[in-house]
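In what follows, a single structure is set out as structure tokens and then discussed.
Bear in mind these aren't lab numbers, they're just calculated from the coordinates by the rules spelled out. Keep in mind that what you see is a predicted model, and the values were worked out from it rather than measured. Please note: Cβ atoms are built from the backbone with ideal geometry, for glycine as well, and neighbour counts cover all protein chains shown.
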Amino acid sequence: MGKLLRVAAIPGDGIGKEVMPEGLRVVQAAATRFDIDLSVEHIEWASCDYYAATGSMMPSNWKSQLQSMDAIYFGAVGWPATVPDHISLWGSLLKFRREFDQYINLRPVRLFEGVPCPLSNRKPGDINYFVVRENTEGEYTNLGGVMYPGTDREIVIQESVYSRYGADRVLKYAFELAAGRERKHLTVATKSNGIAISMPWWDSRADAVGDNYPTVAVDKQHIDILSARFVLQPGRFDVVVASNLFGDILSDLGPATTGTIGLAPSANLNPERNFPSLFEPVHGSAPDIYGKGIANPIAMIWSGALMLDFLGHRQAHDAILRAIEAVLRDGPHTPDLGGKASTEQIGRAIEQLV
Ligand code: ATP
Ligand code: MG
């Protein structure tokens with residue numbers, strides 16, 4: 001056994017509470033198989049139930065409770081019927097992202113055999129890439145304001161902010177990721193033909209950081225044509241890096257081309273490991289199917305595989321991915337994939353194969 005890994009498991013709301021046990025079931029099976037010393041701390045807060053009981057989403061000492069963890073394994077947050085999304089989201093997930101400096105949002109995009117693809121004529125190996133989104137700066141700032149509000153002369157300004165520190169670190173992460181992959185190809189999303197100050201600068205930072213990665217082939221693409229190619233030529237992509245807004249859009253578009261939202265995983269990373277990173281499915285709490293036991297747990301399980309990979313256990317990650325592949329190919333399937341299986345049946349089927 002190696003070093004003890006401590007994971008905080010936060011199911012959150014809605015189907016987060018249904019997919020979490022299946023995620024943990026598979027993560028723990030992989031830990032046993034690969035001799036990983038794993039301790040899981042179950043946390044009930046960061047949920048709308050906790051908010052209903054206490055009036056806040058998290059206890060005031062949440063940071064000290066989580067700070068020493070190696071990772072946060074997160075289900076879903078939000079229950080709009082009782083708590084507005086801006087309270088639930090800003091009171092939990094977005095606090096983690098900011099306070100734990102999770103400046104990388106990573107989303108693998110992969111088409112699996114057995115999953116209907118919304119694009120025609122696509123085979124499984126055709127779509128297999130990562131979207132790396134800058135998660136802390138860029139277009140998402142509160143800088144700006146409204147002049148002459150309510151009049152015909154109304155003017156709105158919203159600034160984008162990039163720092164060399166912020167751009168270089170996400171570009172470096174993306175180059176590292178690409179350098180470690182077979183194809184060693186990095187697409188840099190830009191719009192330097194239209195956004196005339198920040199985007200040419202972003203391109204120049206990509207050149208500067210890329211000087212350290214001579215083995216990686218770089219392709220700068222304007223965001224408009226890049227988006228079209230996600231649909232028309234997804235086989236072009238290996239690793240894609242983008243600013244906060246462009247990355248936000250691409251990281252929804254990519255997974256949408258590979259079938260159900262019930263499969264898409266994500267990671268919010270602090271690669272230096274100064275703080276815990278967070279692993280969660282892309283989907284939300286899905287109030288419309290909560291309580292039926294039919295949510296697809298694969299996005300949660302795959303997020304768990306990403307967590308083990310990040311924590312240094314690539315083999316455990318690969319074993320989980322092979323088990324997911326087999327279950328998607330041969331069944332059973334949940335209703336979002338046209339089957340009749342329950343959340344738990346899928347979790348158990350994957351556990352058996354890990
Ligand atoms: P968000 O929480 O991202 O703001 P939302 O709450 O509207 O958005 P989701 O909770 O992801 O979005 O649900 C969107 C749709 O996808 C719903 O119809 C939901 O039932 C379905 N869905 C989401 N996750 C799953 C899953 N794991 N398995 C099956 N269906 C799912
Ligand atoms: Mg939601």
Proximal lysines relative to Lys292, as straight alpha-carbon distance under 20 Å, when same-chain residues fewer than 8 apart are discounted: Lys17, Lys340
Most positive-pole-ward Cα, Val241, Ala319, Met20, against dipole of the chain from beta carbon charges: Ala319
In sequence order, calculated HN-Hα J values of region 139-153 (Karplus, 6.51, -1.76, 1.60; Hz; x Gly/Pro): 6, 9, 10, 9, 8, x, x, 10, 9, 6, x, x, 10, 5, 8
Distance cut-off 25 Å, percentage of C-alpha pairs in region 1-154 lying past it: 51 percent
Over region 109-231, volume per residue of the alpha carbon convex hull, in Å³: 160 Å³
Dipole in debye (nearest 20) - region 81-207, about Cα centre, beta carbon charges: Lys, Arg +1; Asp, Glu -1: 480 debye
Given charges at Cβ of Lys, Arg, Asp, Glu: region 83-163 dipole, positive-most of Gly150, Asn128, Gly138: Asn128
Dipole of region 75-194, positive end: most advanced residue of Val77, Ser160, Tyr103 [Cβ charges, Cα centre]: Tyr103
For Gly78, residues with placed amide H under 5 Å, excluding near neighbours: Asp13, Cys48
Long-range amide H partners of Leu38 with built H, under 5 Å: Leu5
Net length gained if the chain between Gln65 and Trp90 were fully extended (0.36 nm per residue, minus Cα distance): 7.2 nm
Size descriptor, Kirkwood hydrodynamic radius, that averages inverse alpha-carbon separations across the chain, Å: 21.1 Å
Student exercise, the chain dipole from Lys, Arg, Asp, Glu Cβ charges, in Debye to nearest 20: 560 debye
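Packing-wise, with mean Cβ within 10 Å as the measure, how do 148-158, 207-217 rank, highest first?
207-217, 148-158
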The chain - share of DSSP beta bridges that are antiparallel (%, nearest 5): 45 percent
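Divide by every residue of the chain the summed helix terms, -39500 (n - 2.57) for each DSSP H run of at least 4, and state the resulting mean residue ellipticity at 222 nm, rounded to the nearest 500 deg cm²/dmol.
About -12000 deg cm²/dmol.
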Asp49 versus Gln233: modelled label distance in nm, points set 7 Å from Cα along the beta carbon direction: 5.0 nm
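Defining a contact as two alpha carbons under 8 Å apart and six or more residues distant in sequence, what relative contact order in percent does the chain show?
The normalised contact order for the chain reaches 24 percent.
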